[in-house]
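First up is the structure itself, then whatever we jot down about it.
The values are calculated or read from the model by the stated rules, or taken from the named source; none is laboratory data. These figures come from a predicted structure and were not determined experimentally. For neighbour counting, all protein chains shown are included, and Cβ atoms are generated from backbone atoms with ideal geometry for every residue, glycine included. To get the accessible areas, we keep the full protein, side chains included, count just its heavy atoms, and leave off ligands, DNA and RNA. Shrake-Rupley method; radii C 1.70, N 1.55, O 1.52, S 1.80 Å.
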Amino acid sequence: MPIPWHVRAGAWMGRRIEDDLDARVETTLTAVAEQALRRGTRAGLEALLKATLRLTGATGAALHEGHACVMKVGRVPAHRDGDTDKAARSPVLQVWPAPLTTSQRHVVARFGAFAPALLKAHAREVAQRERQSRLLEAKLRLERTVLALEKRRSRAAHDLRTPLMVIRGYVDMMLKGTAGPLNAQMQRYLERLAKSGTDQKELIDRRLSPLVPGLDDLRPVLERAFAPTPGRRRAAPTLTLPEAPAVAVRGSRADWELLARTVARSTANAVAVDVHLGPSLDATQWLLRVQACPGAALPPRTEAVLRHLAGRLGGTLGVHREPRLEITLLCPRDDAFAVPAHR
């Protein structure tokens, strides 16, 4: 039996209305997501509730997460004490009055399915803000601590230098004969005392110098700079690095990375490269030595760059080209990161 035309037309109109509603819902959800992305998830939650009121004709809507009401718009009835458990079991998205038509229930269900994702994102935003607040407080505390330590350092350096300068002044006067003639033994004692005073001043200047940023460990910088190049036929560079403690040096990480890359590029064509890092004869310095077999070249301009970087880092650079290229760098340790040895 053929279906009457008015029945077919009604079904077609129903499908068209339903498709139009689905399109409006998807467009609205896209706009809500953009709002949450641009202005934050709280703005997205508010936009979701207002869109719910607009598409369902309800007078109030609320978002619940467990027992807590995260957000509400419009006229929302207050829950009595006895409705707490019911509210906890209720859907995340609620509207008042309750949806009656199929279209209203469809909108509430579709928006309700999208709401948990917004709530999770909102919880992450809140947690991130709290974490940033804690980090800011910790940063302010560290800044106050560093300022107090810097004041103590400056005061300690002044208190130690003042009596030392007086002692050195009297020693110099005695060595010049101001206090009378000196015999050989007195001359020797005063010279030792003057040398000890000079050493003590250098120690104070080194240990109590103004705090400057340093590199806590030079080894990773060298490992990255001299890492084997993919597809390279020659043998990989040989790195001899101390196992412990960390190789702390003065100077910025950017300067050290530039110096290491420059040396690595200069020795890239060598048949064999040996990189050695260890303590020097002077306990206050590290020794970095790079040896390259024939094939490496160090142009004068590159050498000038390396010497400039070594000066910025407080070190001294040595270059030997015969019988093979050898680059040595003496760099001061950073006492700020030094770990005292156990006795």
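For the reader, a short list of remarks on this structure follows.
- Rounded to the nearest 10 square angstrom, residue 146 shows an accessible area of 80 square angstrom against a 1.4 Å probe.
- Phi angles of the range 280-289 translate, via the Karplus equation with coefficients 6.51, -1.76, 1.60 and θ = phi - 60°, into HN-Hα couplings of 8, 5, 7, 5, 8, 9, 9, 10, 10, 10 Hz per residue; Gly and Pro are given as x.
- Residue separation of residue 103 and residue 131 scaled by 0.36 nm, minus their Cα-Cα distance, works out to 5.9 nm of gained length.
- Packing around the peptides 112-120, 299-307, 323-331, taken as the average count of other Cβ atoms within 10 Å per residue, puts them in this order, highest first: 323-331, 112-120, 299-307.
- Two-site FRET efficiency, residue 96 against residue 150, from Cβ-Cβ distance with R₀ of 56 Å, rounded to 0.05: 0.35
- Residue ranking by accessible heavy-atom surface, 1.4 Å probe, largest first, among 334, 159 comes out as 159, 334.
- For the chain, the number of Lys pairs with C-alpha atoms closer than 18 Å, counting only pairs eight or more positions apart or on separate chains, is 4.
- Under the convention that each Lys and Arg Cβ holds +1 and each Asp and Glu Cβ holds -1, the size of the dipole of the chain around its Cα centre is about 340 debye.
- Average silhouette area of the range 218-332, convex hull of alpha-carbon atoms, in square nanometres: 6.9
- Based on protein heavy atoms only, the chain ends up with 66 Å² per residue of surface accessible to a 1.4 Å probe.
- Take the Cα radius of gyration of the range 73-208 and divide it by 2.2 N^0.38 Å, N being the number of residues; the result is 2.72.
- When the square roots of the Cα gyration tensor eigenvalues are ordered a ≥ b ≥ c, the ratio a/c for the range 89-165 is 1.5 or more and a/b exceeds b/c, which makes its shape prolate.
- Each residue of the range 128-136 is assigned a 3J(HN,Hα), and the resulting list reads 5, 5, 5, 5, 5, 5, 5, 5, 5 Hz, derived from the Karplus form 6.51 cos²θ - 1.76 cosθ + 1.60 (θ = phi - 60°), x at Gly and Pro.
- Where the alpha-carbon atoms of the chain are placed on the principal axes, they occupy 132, 59, 37 Å, in descending order.
- ³J(HN,Hα) computed for each position of the range 94-106 - Karplus, 6.51 cos²θ - 1.76 cosθ + 1.60, integer Hz, glycine/proline x: 10, 10, 10, x, 4, x, 10, 7, 5, 5, 5, 5, 5
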